[in-house]
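The values are calculated or read from the model by the stated rules, or taken from the named source; none is laboratory data. Just so it is clear, the structure is predicted and the values come from calculations on it, not from any experiment. Here the Cβ positions follow ideal geometry from the backbone for every residue, glycine too, while neighbour counts run over all protein chains shown.
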Amino acid sequence: MFTTEVTRIFGIRLPIVAGGLMWLANADYVSAAARAGIMAYITSASFPDEQDLRNEIRRCRQLCEGRPFGVNVSMLPRAVEGERVHEVFELIISEGVKFVETSGRNPEAFMTLLRSHGITVTHKVASVKHAIKAQDCGVDMVAIVGGECGGHPGLEMVGTMVNAAWARKSLHIPYLIGGGIGDGSQIPALLAMGASGALIGTRFLVSEEIWAHENYKKKLVASQPSDTTLCMQSVRNPIRVLANTTTTTVQKIEQSNPSLTIQDLMPHVAGKIARGSYETGDWSMGLLSAGESLAFVDRIEPIQKIIDRLEDEMEHAMVRLLHASNS
């Protein structure tokens with residue numbers, strides 16, 4: 001019923017891709033998603049040491065038991081001296097990984113290298129405009145996130161429903177839609193609008209395989225979409241996160257100093273602070289990415305059960321649609 005270009009390209013059962021979760025998407029989480037029949041990516045930035053990343057890829061391959069998985073490579077908006085993106089791609093190639101998700105700047109500079117090794121590239125963007133540019137540079141698929149998404153929704157803040165239908169008019173490659181997706185009934189709707197699958201992140205944060213502290217997950221279960229907020233618009237890098245002490249502090253700084261830079265905010269927004277919160281369960285500190293699909297986060301359970309529920313909701317949505325068309 002739900003065979004699409006996404007399921008065919010990845011060789012998965014359901015048209016669902018688990019979004020890369022900084023610090024959290026390790027081999028345990030990714031392999032559990034793979035065994036449940038969806039696609040997921042190890043976040044390479046979570047493993048700054050190249051040998052640690054290599055070991056995690058090998059561990060994931062073993063846990064996946066032959067099922068597909070990939071690696072996410074997040075790049076800065078502009079190349080900077082000393083970055084190791086090329087080395088990460090070389091490592092991925094040497095380990096025989098066949099699926100890569102890129103984000104940040106356009107991956108055009110690396111497409112010849114990746115294509116020559118038969119790697120399927122999905123590029124994640126925050127606008128249809130950037131999806132078209134990625135298509136033009138030769139990626140196999142794009143993932144477009146709307147303003148409802150956790151993490152970075154981009155500057156345009158176009159909503160998921162608009163992106164899903166709008167992209168169909170400009171893209172000839174398969175595309176995923178993300179942002180606020182956490183109920184299975186939304187997925188057939190995306191397919192009907194032209195998408196080949198759904199990109200889901202926040203909904204999976206409470207899966208048992210995510211290593212973060214249980215108190216953090218309990219906070220997510222108790223939260224609503226209105227418990228997210230946006231920060232860092234002043235430095236043109238907006239991020240949707242769980243509202244907490246850090247977001248209040250950052251927003252006050254942004255309001256009082258319109259000429260500030262990202263470096264002025266780093267004492268509050270550095271990634272190591274968020275990682276510490278995941279470790280301790282103190283959700284009051286750090287920028288903890290969370291989207292409006294918190295509406296559907298209702299319990300801590302294995303990712304297999306979350307996906308089972310999504311699939312059941314997808315099927316019930318199709319039944320309702322059939323009944324509506326026959327009435």
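Suppose the filter is among the small types (Gly, Ala, Ser), over 30 Å from residue 14 (Cα atoms) and touching a Ser or Thr at 6+ places or on another chain (Cβ under 7 Å); does residue 270 pass it? Judged against the criteria, residue 270 is not a match.
You will find that of 187, 119, 92, 177, the residue that is more than 22 Å from residue 4 (Cβ to Cβ), crowded, with 21+ Cβ neighbours inside 10 Å, at pLDDT 95 or above and within 20 Å of the chain's Cα centre (by Cα) is 92 and no other.
Within the range 212-230, residues that are without any contact (Cβ under 8 Å) to a residue 24 or more places away in the chain sit with their Cβ atoms under 8 Å from residues that are part of a helix (DSSP H, G or I), at 6+ positions apart or across chains, in these pairs: 229/247; 229/251. Checked against (1) buried (at least 24 other Cβ atoms within 10 Å of the Cβ); (2) in contact with a Ser or Thr (Cβ under 7 Å, 6 or more places away or on another chain); (3) assigned to a helix (DSSP H, G or I); (4) not aromatic (Phe, Trp, Tyr), residue 9 passes all but condition (1).
Going by the conditions given, is residue 41 under 21 Å from residue 151 (Cα atoms), touching a Phe, Trp or Tyr at 6+ places or on another chain (Cβ under 8 Å), part of a helix (DSSP H, G or I) and not small (Gly, Ala, Ser)? No. Every condition in (1) in a strand (DSSP E or B); (2) touching a helix residue (DSSP H, G or I) at 6+ places or on another chain (Cβ under 9 Å) is met by residue 131 except one, and the failing one is (1). Residue-level check: of (1) loosely packed, with under 14 Cβ neighbours inside 10 Å; (2) more than 20 Å from the chain's Cα centre (by Cα), residue 63 misses just (1). Just one of (1) free of Cβ contacts under 8 Å to residues at least 12 places away in the same chain; (2) over 29 Å from residue 34 (Cβ atoms) fails for residue 272. It is (2). Only residues that are farther than 19 Å from residue 275 by Cβ and either at pLDDT 95 or above or among the aliphatic types (A, V, I, L, M) (or both) were counted across the range 190-234, and they come to 23.
The set of residues in the range 46-99 being within 28 Å of residue 273 (Cβ to Cβ), in a loop (DSSP other than H, G, I, E, B) and not aliphatic (A, V, I, L, M) consists of 47, 48, 49, 77, 78, 81, 82, 83, 84. Taking only pairs six or more apart or across chains, which ones have beta-carbon atoms under 9 Å, a first residue in the range 282-308 that is without any contact (Cβ under 8 Å) to a residue 24 or more places away in the chain, and a second residue that is part of a strand (DSSP E or B)? Matching pairs, first to second residue: 305/207. When 310, 287, 322 are screened for being within 22 Å of residue 153 (Cα to Cα) and not basic (Lys, Arg), only 287 passes. Of the residues making up the range 249-262, those that are in contact with a strand residue (DSSP E or B) (Cβ under 9 Å, 6 or more places away or on another chain) and closer than 17 Å to residue 274 by Cβ are 250, 251.
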